[in-house]
Amino acid sequence: QVQLVESGGGLVQPGGSLRLSCATSGFTLDYYAIGWFRQAPGKKREGVSCISFSEGRTYYAESVKGRFTMSRDNAKNTVYLQMNDLKPEDTAVYYCAADPSHYLISLLPRDFTFWGPGTQVTVSS
């Protein structure tokens, strides 16, 4: 069955970097859309980045463009989110999500079917 597990979260100072990993299993990565989302306390879950592997295209929220980069390692069935120049407002629980849509282009949580448990990212001095 489809399973996703995030890792790589932690505490980092403003301006620092973190690399999140999403280990996947139970499906062929190329046939699913994968997204990164985040949710801060008291706020709604928001989309960060999405990749449609059939298209090989990535999409980013305006708030992270130029700072975050999404990528994949097919051999490891793993998706990554490289986060640079982190800011306090990036503090949130980060989730990896998947949907069996080859060409899904969306940063809406409701469009994704399967979710990992999340990993905490805290940006603070």
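The values are calculated or read from the model by the stated rules, or taken from the named source; none is laboratory data. Values in this document were obtained by computation on a predicted structure and should not be read as measured data. No Cβ is skipped: glycine too gets one built from the backbone with ideal geometry, and neighbour counts run over all protein chains shown. Remember, those area values only see protein heavy atoms, side chains included, never the ligands or the DNA or RNA. Shrake-Rupley method; radii C 1.70, N 1.55, O 1.52, S 1.80 Å.
Annotations for the structure displayed:
- Test result for Val93, touching a helix residue (DSSP H, G or I) at 6+ places or on another chain (Cβ under 6 Å) and either more than 16 Å from Tyr59 (Cβ to Cβ) or open to solvent by 10 Å² or more (accessible area, probe 1.4 Å) (or both): no
- If you go through the stretch 14-66 and keep only what is at pLDDT 95 or above, open to solvent by 50 Å² or more (accessible area, probe 1.4 Å) and closer than 14 Å to Phe112 by Cβ, you end up with Gln39, Arg45, Glu46.
- Scanning the stretch 5-32 for residues that are aliphatic (A, V, I, L, M) and under 26 Å from Asp85 (Cα atoms) yields Val5, Leu11, Val12, Leu18, Leu20, Ala23.
- Taken over the stretch 1-13, the criterion of being open to solvent by 50 Å² or more (accessible area, probe 1.4 Å) and either under 17 Å from Ile51 (Cβ atoms) or not aliphatic (A, V, I, L, M) (or both) is satisfied by Gln1, Gln3, Ser7, Gln13.
- Count of residues meeting criterion [in a loop (DSSP other than H, G, I, E, B) and either touching a helix residue (DSSP H, G or I) at 6+ places or on another chain (Cβ under 8 Å) or under 19 Å from Leu4 (Cβ atoms) (or both)] in the stretch 41-62: 3
- Restricting the stretch 98-125 to residues that are touching a helix residue (DSSP H, G or I) at 6+ places or on another chain (Cβ under 7 Å) and open to solvent by less than 40 Å² (accessible area, probe 1.4 Å), the residue that is farthest from Cys50 (Cα to Cα) is Val123.
- The condition (being touching a residue at least 40 places away in the same chain (Cβ under 8 Å), within 18 Å of Val123 (Cα to Cα) and touching a Ser or Thr at 6+ places or on another chain (Cβ under 9 Å)) is satisfied by just one residue among Ser52, Ser101, Ser17, Ser21: Ser21.
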